[in-house]
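Reading through the structure tokens given below for one structure.
The values are calculated or read from the model by the stated rules, or taken from the named source; none is laboratory data. From a predicted model like this one, the values you see are computed outputs, not experimental measurements. Glycine gets a Cβ as well: all are built from the backbone with ideal geometry, and neighbour counts include every protein chain shown.
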Amino acid sequence: GTPGSQVIMCTDGMANCGIGSFGYHGESQAGEFYDKIGQYAQNHGLTVNVISIIGGDCNLDCLSKLAELTGGTVERVDPQSMGDNFKEIFSLKTIATNVKMRIKLHKALKFRNESKSNLESDKSVLVRNLGNVTEDTEITFEYTLKKISKLVLMEDVDLATLTQLPFQAQITYTALDGSKCMRIITKFLDINSDREEVEQKADFDMLGQHAIVQSANMAKMGQHREAQAYAKNWGRKMRTTNNVDAKKNYVENFQEVYKNLGEQDQQKQAMGLSSNAQMKMDDKSTVNMFKATRMNKSKFKK
């Protein structure tokens, strides 16, 4: 297909024969196969959506990589409502392909809770390959001050005199007509040491959205206990806001995911695995976690 095209992969059970079979090739080789397919689709601007039928075990934990790499969706549906799911998928039009974002912080700041492979320049630069994006695509991130031991070595940085901090996003992408493009966005934010004032002005819808995305990403890496602790911490913070809707939306959006985190952690304990051990998720949990990683403001407020 041409860049921006949508592909729907619909399955009613585990791939057990032929190319991509989990039974014949084994879990590891099948996973490599789907990774290669996902990379191929990403490089050619194709979006792969994965749909499974409720009641069948399809190993969505592996198949979801196709959607993750290409900006697609993962769903478990009742056959009678499949047409509605198709309409929703096709309503999300791809606006750019091969999207890569490079975010730069002030040298005194660093990103946190990010994969080391995505960080550069002593954690002051974050690189994310977003693949294909739609108007619904949003990303969030966290940052903090570097350790004092590193700050004192920066002769050209005096935090006492700083009044603003710069942030820059460098976005490279391929337009649907094939054009190679770059967009650079730079913004300066005022420094405010009044915590109470900052929290009053904070966007708790965005903070709640980010907390859900980050917890789900931790869970996908096998860090279920850490994800639970992270979610609890943000839950306590959300309860301090006067934004009643934000508190309500956080609980409603996250309760199913939090339940899955607890179930995964219990399974690890029963199997004698460490809290950070990778463990395959069942199809229902995979879909819940995948949707949580794609949370955006509009979905958070629904």
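Whenever a residue of the range 216-234 is among the polar types (S, T, N, Q), its partners that are buried (at least 22 other Cβ atoms within 10 Å of the Cβ) and at pLDDT 90 or above, lying with C-beta atoms within less than 8 angstrom and at least six residues away or across chains, give the pairs Gln228/Ser215. Among the residues of the range 169-201, the ones that are in contact with a Cys (Cβ under 8 Å, 6 or more places away or on another chain) and either among the small types (Gly, Ala, Ser) or outside any strand (DSSP E or B) (or both) come to 1 in all.
Table: residues versus (1) farther than 30 Å from Ser274 by Cα; (2) surrounded by 11 or more Cβ atoms within 10 Å (Cβ to Cβ); (3) not assigned by TED's automatic domain parsing to the domain that holds Asp122.
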site: Tyr143; (1), (2), (3): no, yes, no
site: Lys147; (1), (2), (3): no, no, no
site: Gln170; (1), (2), (3): yes, yes, no
site: Gly178; (1), (2), (3): yes, no, no
site: Met182; (1), (2), (3): yes, no, no
site: Glu226; (1), (2), (3): no, yes, yes
site: Ala229; (1), (2), (3): no, yes, yes
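Output the number of the condition that Ser298 fails; it satisfies all remaining conditions of (1) in a helix (DSSP H, G or I); (2) in contact with a helix residue (DSSP H, G or I) (Cβ under 8 Å, 6 or more places away or on another chain). For Ser298, the failing item is (2). Is there a residue in the range 265-276 that is farther than 14 Å from Ala227 by Cα, assigned to a loop (DSSP other than H, G, I, E, B) and touching a helix residue (DSSP H, G or I) at 6+ places or on another chain (Cβ under 6 Å)? No, there is no match, as no residue in the range 265-276 is farther than 14 Å from Ala227 by Cα, assigned to a loop (DSSP other than H, G, I, E, B) and touching a helix residue (DSSP H, G or I) at 6+ places or on another chain (Cβ under 6 Å).
Out of contact with any Ser or Thr (no Cβ under 7 Å at 6 or more places or on another chain), modelled with pLDDT under 90 and under 29 Å from Lys299 (Cα atoms): does that describe Ala219? Taking the combined requirement at face value, the residue satisfies it. Of the set (1) at pLDDT 85 or above; (2) surrounded by 13 or more Cβ atoms within 10 Å (Cβ to Cβ), all apply to Gln264 but (1).
Take the conditions more than 23 Å from Glu263 (Cβ to Cβ) and buried (at least 19 other Cβ atoms within 10 Å of the Cβ) and apply them to Phe204. Does it pass? Answer is yes for this residue. All of (1) within 16 Å of the chain's Cα centre (by Cα); (2) at pLDDT below 90; (3) not acidic (Asp, Glu) hold for Phe33 with one exception: (1).
Give the range 58-95 a look and list any residue that's assigned to a helix (DSSP H, G or I) and hydrophobic (A, V, I, L, M, F, W, C), or say none. Within the range 58-95, Leu60, Cys62, Leu63, Leu66, Ala67, Leu69, Met82, Phe86, Ile89, Phe90 qualify. Considering only the range 116-156, how many residues are part of a strand (DSSP E or B) and in contact (Cβ under 8 Å) with a residue 12 or more places away in the chain? Qualifying residue count for the region: 14.
Within the range 65-103, the residues that satisfy the criterion of being of a type in the set (Asp, Glu) and in contact (Cβ under 8 Å) with a residue 24 or more places away in the chain are Glu68, Glu75, Asp78. One residue stands out in the range 71-111 among those that are of a type in the set (Phe, Trp, Tyr) and modelled with pLDDT under 90: the one that is nearest to Thr140 (Cα to Cα), namely Phe90. Identify, please: which residue in the range 179-216 is touching a helix residue (DSSP H, G or I) at 6+ places or on another chain (Cβ under 7 Å) and among the β-branched types (Val, Ile, Thr) and is, among those, farthest from Tyr230 (Cα to Cα)? By that ranking, first place goes to Val213. Of all the residues in the range 158-167, those that are loosely packed, with under 15 Cβ neighbours inside 10 Å and either of a type outside the set (S, T, N, Q) or closer than 15 Å to Ser121 by Cβ (or both) number 5.
State all residues of the range 157-168 that are in a strand (DSSP E or B) and hydrophobic (A, V, I, L, M, F, W, C); if no residue qualifies, say none. Can you show your working first?
Kept after step one, since they are in a strand (DSSP E or B), are these residues of the range 157-168: 164-168.
Those that are in a strand (DSSP E or B) and hydrophobic (A, V, I, L, M, F, W, C): Leu165, Phe167.
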